[in-house]
């Protein structure tokens, strides 16, 4: 029996050594696979970020154009209102007075309730 124990210990050590070598080889393979996969994910993320940057720039330019056009339309509408008020001011003064009266009536009733 004494000869079997050292012999089985030696076989056990050899088996552990073989397992360690196999684990090292597989570890490198797994690391390479993960690196490749992570690189793929990183490339995709960079492409998405670039595309989002392009979309953001497009939206910003569109908004600037819309604001510019909207500003012109507002100026035109304001000048038209100004012309109409100067043409017949009593109509607009009466409209504002009626609107203020209705607003006061509505707000007064809501406070009573």
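The values are calculated or read from the model by the stated rules, or taken from the named source; none is laboratory data. The model shown is predicted, which means the values in this text are computed figures rather than measured ones. Every residue, glycine among them, receives a Cβ derived from its backbone with ideal geometry; neighbour counts consider all protein chains shown.
Could you list all residues from segment 1-18 that are outside any loop (DSSP other than H, G, I, E, B) and either at pLDDT below 80 or exposed (fewer than 10 other Cβ atoms within 10 Å of the Cβ) (or both)?
Across segment 1-18, the qualifying residues are 4, 5, 6, 7, 8, 12.
Take residue 48 and tell me if it is assigned to a helix (DSSP H, G or I), modelled with pLDDT of 80 or more, in contact with a helix residue (DSSP H, G or I) (Cβ under 8 Å, 6 or more places away or on another chain) and surrounded by 10 or more Cβ atoms within 10 Å (Cβ to Cβ).
no
Do we have any residue at all in segment 79-91 that's surrounded by 10 or more Cβ atoms within 10 Å (Cβ to Cβ) and touching a helix residue (DSSP H, G or I) at 6+ places or on another chain (Cβ under 8 Å)?
yes
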